Amino acid sequence: MADLPTDAEIRSKMESLIKTVDLNTMSIKQFIAALSDKFGGVNLSSRKKFIKSSITEILDAANDEGDDGDGSSSSDEEEAPTKKKKGGGLSAIKEISPKLSAFLGCGKEAARTDVVKGLWD
């Protein structure tokens, strides 16, 4: 077998290979095997750490370029997980009874956490 290719050669082949494969279904091991085939069957298992980090860098660079281009679909996907529901669960503001509001000394509405805090005070 031939000598190991340089990092620059590996990275160059990776950039072209990433465009042709489905990374959602392909494992790192399968990707390394496909990359190895591009180099004529050279064993690249010793370069696994470099290949993994390069995949991340290449995908990050592609995502950065994609955000500048269309931005519409990818920005919606990115915003959805960061949005937090306001007033849900224990912090939901609910209407409370007149007796409880008089006891707590607050208005007609309070969050459950505020009610418990008022009971303990």
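With the condition kept exactly as written, say whether any residue in the range 89-100 is at pLDDT below 85 and among the aliphatic types (A, V, I, L, M). Before the answer, list the steps.
Keep residues of the range 89-100 that are at pLDDT below 85, which gives 89-92.
Now restrict to residues that are among the aliphatic types (A, V, I, L, M): 90, 92.
Within the range 89-100, one or more residues are at pLDDT below 85 and among the aliphatic types (A, V, I, L, M).
Does any residue in the range 42-59 that is within 17 Å of ALA8 (Cβ to Cβ) and without any contact (Cβ under 8 Å) to a residue 24 or more places away in the chain come within less than 8 Å, Cβ to Cβ, of a residue that is open to solvent by 50 Å² or more (accessible area, probe 1.4 Å) and not small (Gly, Ala, Ser) six or more places away or on a different chain, and which pairs are these?
No pair meets every condition.
Does any residue in the range 95-121 that is among the hydroxyl-bearing types (Ser, Thr, Tyr) come within less than 8 Å, Cβ to Cβ, of a residue that is open to solvent by less than 80 Å² (accessible area, probe 1.4 Å) and outside any helix (DSSP H, G or I) six or more places away or on a different chain, and which pairs are these?
Note: pairs meeting the criteria are SER101/GLY107; SER101/ALA110.
Answer with yes or no whether ASP114 is of a type in the set (D, E, K, R), modelled with pLDDT of 85 or more and open to solvent by 60 Å² or more (accessible area, probe 1.4 Å). Before you say what the answer is, go through the steps one by one.
Working: of a type in the set (D, E, K, R): yes; modelled with pLDDT of 85 or more: yes; open to solvent by 60 Å² or more (accessible area, probe 1.4 Å): yes.
So ASP114 fits the description; yes.
Which numbered condition trips up GLY71, out of (1) modelled with pLDDT of 80 or more; (2) open to solvent by less than 40 Å² (accessible area, probe 1.4 Å)?
Checking GLY71 against (1) modelled with pLDDT of 80 or more; (2) open to solvent by less than 40 Å² (accessible area, probe 1.4 Å), the one that fails is (1).
Which ones in the range 23-32 are more than 17 Å from GLU9 (Cβ to Cβ) and either outside any loop (DSSP other than H, G, I, E, B) or open to solvent by less than 60 Å² (accessible area, probe 1.4 Å) (or both)? Let's see the steps before the verdict.
Narrowing the range 23-32 to residues more than 17 Å from GLU9 (Cβ to Cβ): 23-30.
The answer is LEU23, MET26, SER27, ILE28, LYS29, GLN30.
Would you please name the residue that is farthest from ALA62 (Cα to Cα), looking only at residues in the range 3-22 that are aliphatic (A, V, I, L, M) and open to solvent by less than 70 Å² (accessible area, probe 1.4 Å)?
Here is the first cut: in the range 3-22, the residues aliphatic (A, V, I, L, M) are 4, 8, 10, 14, 17-18, 21.
Now drop any that are not open to solvent by less than 70 Å² (accessible area, probe 1.4 Å), which leaves 10, 14, 17-18, 21.
Values: ILE10: 18, MET14: 13, LEU17: 14, ILE18: 10, VAL21: 14 Å.
Out of the qualifying residues, it is ILE10.
Take ASP37 and decide whether it is farther than 17 Å from ASP60 by Cβ, in a loop (DSSP other than H, G, I, E, B) and over 25 Å from the mean Cα position of the chain (by Cα).
Details: farther than 17 Å from ASP60 by Cβ: yes; in a loop (DSSP other than H, G, I, E, B): no; over 25 Å from the mean Cα position of the chain (by Cα): yes.
The answer is no for ASP37.
The values are calculated or read from the model by the stated rules, or taken from the named source; none is laboratory data. Keep in mind the model is a prediction, meaning the values are calculated, not measured. A quick note on method: Cβ atoms are made from the backbone with ideal geometry, for glycine too, and the neighbour counts reach across all protein chains shown. Heads up: the accessible areas ignore ligands, DNA and RNA and are worked out on the full protein's heavy atoms, side chains in. Shrake-Rupley method; radii C 1.70, N 1.55, O 1.52, S 1.80 Å.
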